[in-house]
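A short worksheet on the structure shown next.
Throughout, read-outs are computed from the coordinates displayed, never taken from laboratory work. Every value quoted in this text rests on a predicted model; they were computed, and no experiment measured them. Every residue, glycine among them, receives a Cβ derived from its backbone with ideal geometry; neighbour counts consider all protein chains shown.
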Amino acid sequence: MTLGVCAGQTAAQPTVKFGVPVTGGPMDALLLKDYKPDSSLVTPKSRVEKAKYPVIDVHSHSSMNNINTPEDVAAWLRTMDETGIEMSVVFTEATGAEFDRQMALFRPYPKRFQVYAGIDTSNSGAPDFSARVAAEAERCYRQGARGLGELTDKGWGLQASEAGALPRAQRLRVDDPRLDALWKKCAELKIPVNLHIADHPSCWKPLGPNQERTPDFQAFNLSAKDVPSYEELLASRDRMLARHPNTKFILCHLSNQGNDTAALGRILDRYPNLYLDMSARDYELGRQPRTARQFLTKYQHRVMFGTDMGRDKSMYQSWWQLLETADEYLPGRIWWPYYGLELPPATLKSLYRDTALKVLNFSTPGAQ
Ligand SMILES: [Zn+2]
């Protein structure tokens, strides 16, 4: 008996892609989430132990960084010393007693940590809501908070998630008049607000063969959800910026527009109270090193360094490699390998520290 094509059947014709015949094989059964190719590329790879200049990291989280005890704070400080972080901005996302508890952990190190408070958006329909959140922000400031953040609206409303989200018309948006008193209070106290508005644009595209980001990010997908469009959320940001010109807003993750730096530049030009942090957008910068270098150099007085990726030593060091070296084809978090930006010294100094010195509030807690 011979194996072969039975009468009446034809062998599948191999597909030809770019002139190369493509036939089936073991890789056809591989799941996307398991695909982790080893690179054979041989090019120089730098190891940057410590940042070239002192750094203020404007985006970190006490919860993500597992900071619960003075020992945790001390361990984090050691890593900061080893990697060149002079100061970390810590988002507690807390108010009331929980804010006070976290503030106490960081209070011994006023030159190394700046602590930000959250806001309590429950009962946002109550008549006293506006006054209540503004008063709590001021109370947290008196306790030592030097900003608010990270406050998030991915479409479910400010500080809300899919579980328990209000009907769309009742959700609290950043340009809602109910927040006017809070944003005015931040201007009066001269404290910035770190905001996460919308999300990476791929979240609004279906999960399927054309989805831009890896399966690791599918839990963030919003394409079939009851949320406004990406564009509508960014429009709420613009109305807020226009309505509160005296409040400093730091839009994190390059305002979720790192895929389109020309659009980001236009928005920065339009709203002088807008600042950006680059946290968690290593993949946007690394996939377009020449465009990113131009953008960051042009807007070095409006963009600040931030991480938002935990507190491992290697995490900080991979940022230094990305921003400071010309290394190529660095392993990334999405499909895209990164290419070092090799930023000029003046740009690095601005992004790492000097812009933060102008934007953040360095008044001494307790001295007001
Ligand atoms: Zn964050």
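Things to note:
- Computed P(r) (all Cα pairs; the stretch 153-204; 10 Å bins; percent): 23, 46, 27, 5
- Fluctuation leader among Asp38, Asp180, Asp128 - the chain, Gaussian network, Cα springs under 10 angstrom: Asp38
- The aspartates and glutamates within cross-link reach of Lys17, meaning a Cα-to-Cα straight distance under 20 Å and a gap of 8 or more places when in the same chain, are Asp28.
- Summing charges over neighbours of Gln170, with a neighbour being any other residue whose Cβ is under 14 Å away from its Cβ, gives +1 when K and R count +1 and D and E count -1.
- Whole-Å distance, taken between Cα centres, linking the stretch 282-309 and the stretch 65-127: 25 Å
- Rounded to two decimals, the Cα-based Rg/Rh of the chain, with Kirkwood Rh, is 1.05.
- Calculated [θ] (222 nm, deg cm²/dmol) that DSSP helices of n ≥ 4 give over the chain, each run adding -39,500 (n - 2.57): -9000 deg cm²/dmol
- Reachable lysines from Lys33, criterion Cα separation under 22 angstrom, eight or more residues apart if same chain: Lys205
- Each peptide in 88-97, 311-320, 67-76, 148-157 was scored by the mean count of other Cβ atoms within 10 Å over its residues; highest first, the order is 148-157, 88-97, 311-320, 67-76.
- When each of Lys52/Lys313; Lys154/Lys184; Lys298/Lys349; Lys190/Lys358; Lys190/Lys248 is checked by Cα-Cα distance, pairs over 19 Å: Lys154/Lys184
- Dimensionless Rg over Rh [the stretch 1-151; C-alpha; Kirkwood]: 1.35
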